[in-house]
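Worksheet: one structure, shown below.
Readers should treat all values here as calculations from the given coordinates under stated rules, not as data from a laboratory. Keep in mind that what you see is a predicted model, and the values were worked out from it rather than measured. We place every Cβ from the backbone using ideal geometry, glycine too, and count neighbours over all the protein chains shown.
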Amino acid sequence: MSETGRPFAASASWFLSTARERLAKLLDAGSFTEFVPPSERVQSPHLALFDLPAAFDDGMIVGCGRLGGKSVLVAAQEGQFMGGTFAEVSGAKLLGLIRAARDDEKLPRTILLLLDSGGVRLQEANAGELAVAEVMRAIVEARAAGVAVIALVGGRAGAFGGAGLTAATCSAIVISEQGRTGVTGPEVIETNKGVEEFDSRDKALVWSVTGGRTRRLIGGADAYAEDTVASFREATLALMGKARPFDLATLRAELARLAGRVGRLGGCDSAVAMWSALGVADPRATADMDDPAFVALVADVKGAGDDAR
Amino acid sequence: MTLDEILAGLFPSGHDVVVGPGKLLLGTGRRVGGHAVEVIGIAEGEPLGIDGVLPLAERVLDIAAAGGDAPMLVVVDTQGQRMARRDEMLGLNEYLAHLAKCLLLASRSGHPTIGLNYGRAAAGAFLATALATDILVALPGAEPAVMDLPSMARVTKLPQEKLEALSKTTPVFAPGLDSMTKVGAVTQVWDPAKPLDVQLEATLATIPAHDVRDALGAERGGRLLAAGIARRVADQAGEYRRA
């Protein structure tokens, strides 16, 4: 216990923690069991071709544990190994976990995806891209079989490229201020389209376009967490058992939500303009307010609560 | 083959598929015997952004809602997702994933889905369209890729010559149809010299009920580990539950 009386684990920064630390502190103490653990030395055979070191978990940790006493399946990407990327081995580990939940109804009916990934690993680009496609299909099949898949986004690598699409395929998304999600990263847009289109060195701009607060305000995430493991735990517990079914009605609602967003916000040229259009009284203050103030703000914004996905 | 030649070859009994605003393809083709094939797609290498996703997704959901069992053909020539600050700000990841989910729902609702890559196909746009179908076929000349080699050289900080040499020995990263076929993404490559309608019927008769792409990659030697590792994780999950 720390001096404030809160357990150290609970107040640890999600952003700064490793994938294994997040899992250990998110789940009920001592409840985590890993499948295909590092002792089995399942690693990428491809990285050596590029003179890069491999890791015995390939940056993907999968297993099961308990959250608030309820059994869950979990997968966590290590953003500090190859940017948490989807590759042949890392992708197959995640795929196996989701397919197991899909096929065995006695396994936990909730999967937590602790995403921390820049997308597809370029050194294994085809295998990684295909792994994302397989994972997206498996998530849909698992959801249709009654499994809730919850994405948690708040790590250094965010959830970009294939990871951004994976997050949006889940039943629900929890995000923190530090969490960023999207498809093409700002650096790649700048390289391809010029600095006038997206200045990747303008951190305030990057944050306002891809960051967790913008995503939560426009309905791109279902829940907002402070950057602590405890807050992610609380937000995840609140979402468990509330997943929408994967069916035509849900996708029709999602289409209406996404079309409505373009209608309302499609003409905005900045995030501040979007926040203003959403009815935020002092949009410029959104970046600087503390987390409780932001949570109170979200509660008043129309559309942020309608997260059919 | 040009898009017109492809559509004419696929539907000798007629079709009303046109390339509309945003280079989006929408329409219906007639199979021999008169049954319909619903067609969506994107043409001329156009990048897929949020404004393109919405009409395609709406059409797919309408087809799923209408019932029946008409197959759906997803015809793709796209350089990738649209790279724009506006699209990212509005949450392009949600839009692309939505289209993929709509296609997967249509398939689950009884409409077999076939992806047809005849030009480019890359990155997020590939995931949202052709890779979200039950089976992906291609025509020679198709260029499916995650990223071209010069860009890959920049990101990996390796000389392009080294990447070119490596790409001859391993299909896991090199762009192109051969690689994507070997890893199991592309199931069949059609022969443009033979009637396309016959090949479409043959493909429709062999649509797998489950995702077999990892098994295909192992069989073809392009992705040797994935299928086994996925199975191993599932086995250990099952053992844990029974323990």
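Quick notes on this one:
- Residue A:148 vs. criteria within 20 Å of the chain's Cα centre (by Cα), crowded, with 20+ Cβ neighbours inside 10 Å, away from chain B (no Cβ under 12 Å) and among the aliphatic types (A, V, I, L, M): yes
- Single residue of A:91, A:83, A:79, A:164 found to be touching a residue at least 60 places away in the same chain (Cβ under 8 Å) and assigned to a helix (DSSP H, G or I): A:83
- Selected residue [part of a strand (DSSP E or B) and at the interface with chain B (Cβ under 9 Å from one of its Cβ atoms)] from A:42, A:72, A:62: A:62
- Look at (1) of a type outside the set (S, T, N, Q); (2) closer than 28 Å to residue A:11 by Cβ; (3) buried (at least 21 other Cβ atoms within 10 Å of the Cβ) and you find that residue A:156 fails only one, number (3).
- Filter result for the condition that a residue is over 21 Å from residue A:150 (Cβ atoms) and of a type in the set (Phe, Trp, Tyr), over A:81, A:32: A:81
- Pairs linking a residue in the stretch B:196-219 that is assigned to a loop (DSSP other than H, G, I, E, B) to a residue that is buried (at least 17 other Cβ atoms within 10 Å of the Cβ) and not polar (S, T, N, Q), with Cβ atoms under 6 Å and 6 or more positions apart or on different chains, are B:207/B:112; B:207/B:134; B:207/B:135; B:211/A:134; B:211/A:137.
- Among the residues of the stretch B:123-162, those that are within 19 Å of residue A:47 (Cβ to Cβ) and at the interface with chain A (Cβ under 7 Å from one of its Cβ atoms) comprise B:146, B:147, B:152, B:155, B:156, B:158.
- Counting the residues of the stretch B:123-136 that are more than 17 Å from residue B:214 (Cβ to Cβ) and surrounded by fewer than 23 Cβ atoms within 10 Å (Cβ to Cβ) gives 0.
- Among the residues of the stretch A:100-117, those that are touching a residue at least 40 places away in the same chain (Cβ under 8 Å) and buried (at least 24 other Cβ atoms within 10 Å of the Cβ) comprise A:101, A:112, A:113, A:114, A:115, A:116, A:117.
- Neighbours by Cβ (under 6 Å, 6+ apart or cross-chain): first from the stretch A:260-285, on the phi < 0 side of the Ramachandran plot and within 9 Å of chain B (Cβ to nearest Cβ); second surrounded by 15 or more Cβ atoms within 10 Å (Cβ to Cβ) and not in a helix (DSSP H, G or I): A:274/A:268
- Members of the stretch B:1-43 found to be part of a strand (DSSP E or B) and more than 22 Å from residue B:144 (Cα to Cα), listed by number: B:15, B:18, B:27, B:28, B:29, B:30, B:36, B:37, B:38
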